[in-house]
Amino acid sequence: MDGLLKDSLVLRNDSLLNYVKYRHSLYLLMTDENIRSRAMILEILDYYEANNRKRWTNLKSRLGTLAMRLGDYELAQVHLEEALPYAKQLEMNITEGLIYLYISNIYRFKSDFGEAYRKAEVALQIFRKINREDWILEAQTALAHISVLAKDYEGAAVYFEEIFSKEADISDDNFLVSPTLYAGFMNFEKGDIPLSKKQLR
């Protein structure tokens, strides 16, 4: 009996330690400690693959994000595409939408704007389905930026108009930084220097 209790205590302590590492890996990611975050995730990935598929899915998504930050887009795509079926199956809607956005970013970096647009459009539909206005804005911003890069200024303008029409209702100004920046880029390319300068400032 004592042996069983001891084994149970070890397992519980391991679970607790792994959970601390799970949380700390996110903190490290958020503070741009990319190498340390990746190392910590790799320490616990097998444990969560065996014991908690939702957390494993989140860890794979984090590994995709970290690989992108470190410039390894091929590895990033592998991690993200391995996580995606589980995000769908487990109804992890925000995670699923974010994975589509991350994959969209990879295609954006590769200048495959058609595929980037399609992935961001899927993310937008997921966020609309769960009525998450903050992430809807994020997906619309991605679609606007892709349109600017593809020189589809009319398409981009539609997204910018929709985003900025909600400005008064957006509580977190961080969601307005990127669309304002991308609109500034677009208006510079279109030759509207005064408006571009205003937006970039």
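Readers should treat all values here as calculations from the given coordinates under stated rules, not as data from a laboratory. Given the structure is predicted, the values throughout are model-derived calculations rather than measurements. Counting neighbours? That spans all protein chains shown, and the Cβs are built from the backbone with ideal geometry, glycine included.
Points worth noting:
- Protection proxy ranking, peptides 32-40, 187-195, average beta carbon neighbours within 10 Å, highest first: 32-40, 187-195
- Using θ = phi - 60° in the Karplus curve 6.51 cos²θ - 1.76 cosθ + 1.60, the 3J(HN,Hα) couplings for region 23-38 round to 5, 5, 4, 5, 4, 4, 5, 5, 9, 6, 8, 5, 5, 5, 4, 4 Hz; x is entered for Gly and Pro.
- Considering only the Cα atoms of region 71-201, their convex hull presents on average a projected area of 8.3 nm².
- Among 129, 88, a tally of other beta-carbon atoms within 10 Å of each Cβ gives an order, fewest to most, of 129, 88.
- Cβ-based charge dipole, the chain, positive-most Cα from 159, 75, 146: 75
- Neighbour net charge for residue 33 - beta-carbon separation under 15 angstrom, K R +1, D E -1: +4
- Cα pair count fraction exceeding 18 Å, expressed as % - region 5-142: 59 percent
- Axis of helix 73-89 versus longest Cα principal axis of the chain: the two differ by about 70°, to the nearest ten degrees.
- Around the Cα centre of region 92-201, unit charges on the Cβ atoms of Lys, Arg, Asp and Glu (plus for the first two, minus for the last two) sum to a dipole of about 280 debye.
- Which listed pairs, of 88/151; 60/110; 21/110; 54/119; 110/190; 166/190, have C-alpha distances above 28 Å, in listed order: 88/151; 21/110
- Virtual spin-label span in nm between residue 125 and residue 26, 7 Å along Cα→Cβ: 2.8 nm
- Dipole of the chain, positive end: most advanced residue of 181, 48, 136 [Cβ charges, Cα centre]: 48
- Net dipole in debye of the chain [+1 Lys, Arg Cβ; -1 Asp, Glu Cβ; about Cα centre; nearest 20]: 220 debye
- The local environment of residue 148, defined by Cβ-Cβ distances under 12 Å, has a net charge of 0 under the rule Lys, Arg +1 and Asp, Glu -1.
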